[in-house]
Amino acid sequence: IFELAARFVDFGGRMMKKYIMIILGWIFLLLGLIGIFLPVLPTTPLLLLTAYLFGRNSRRCDRWLKKQKFYKKYVVAYKRRGGLLLEQKVRILLCSNTLLLISGILVDHLHLRLFLLFLAICKLIFFIRMPTIKQEEEVRT
């Protein structure tokens, strides 16, 4: 009886982890979709994380995700090319940092302003480290 109970607990633990990972995948998906409209959130990394979590824990969610237009636009294009064009990086950084700057001006709270500055610096570091592809490479793919 104890051996059967131990197997059930082990099975339940693995199943619980699987469901937690799927729920996290949906949360990151939601944040990634919000990031399409709110440049403070990085869309592509959040969607990549969602694809990883779904791919490891749910075939059904993974298949659904890979059929979506936003997945093809942000994730497949990034994975296929391996980076972004310099113009794309500059456009994304200008839009997102402009919104962060406006938010920083409108908010009269030092800690929030420091947090917005921290976000801007993290985004800049992320985009500097991201591979930059040349226009010719874009045409070939």
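The values are calculated or read from the model by the stated rules, or taken from the named source; none is laboratory data. What you see is a predicted model; the values in this text were computed from it and never measured. Because the Cβ atoms are built from the backbone with ideal geometry, glycine has one as well, and the counts that use them run over all protein chains shown. Heavy atoms of the whole protein, side chains included, go into the accessibility calculation; ligands, DNA and RNA do not. Shrake-Rupley method; radii C 1.70, N 1.55, O 1.52, S 1.80 Å.
What net charge is computed for the residues neighbouring L124, neighbours being all others with C-beta under 15 Å from the C-beta of L124, Lys and Arg scored +1, Asp and Glu -1?
Taking every Cβ under 15 Å from that of L124, the sum is +4.
Per-residue HN-Hα couplings for segment 76-90, Karplus 6.51 cos²θ - 1.76 cosθ + 1.60 at θ = phi - 60°, whole Hz, x for Gly and Pro?
Result, rounded to whole Hz: 4, 4, 5, 5, 5, 7, x, x, 10, 5, 4, 4, 5, 4, 5.
Which order do you get for V107, V75, V90 if you rank them by accessible area with a 1.4 Å probe, largest at the top?
Order by accessible area, largest first: V90, V107, V75.
At 222 nm, what helix-only mean residue ellipticity would the chain give, in deg cm²/dmol to the nearest 500, using -39500 (n - 2.57) for each DSSP H run of four or more? Present the calculation step by step, with values, prior to reporting the outcome.
Working: 7 runs with 111 residues, N = 141.
Computed ellipticity for the chain at 222 nm equals -26000 deg cm²/dmol.
Within straight cross-link reach of K69, meaning Cα distance under 23 Å, which lysines are found once same-chain residues fewer than 8 apart are removed?
Of all the lysines, those that pass the test against K69 - Cα under 23 Å, at least 8 places apart if same chain - are K79, K89.
Around L85, which amide H atoms from residues at least 5 apart in sequence, or from another chain, sit under 5 Å from its own amide H, with H modelled in the peptide plane?
HN-HN under 5 Å from L85: I133.
Given 25 °C and 0.890 mPa s, compute D for the chain with the Stokes-Einstein relation, Rh being the Kirkwood radius over Cα pairs; round to the nearest whole µm²/s.
Rounded to a whole number, D works out at 140 µm²/s.
Starting from the Cα of F70, step 7 Å along the direction of its Cβ; do the same at R91; then give the gap between the two resulting points in nm.
1.9 nm
Report the relative contact order of the chain, percent, no decimals, based on alpha-carbon pairs under 8 angstrom and at least 6 residues apart. Spell out each step's value before the answer.
Details: 102 pairs, mean separation 30.0, N = 141.
Relative contact order of the chain: 21 percent.
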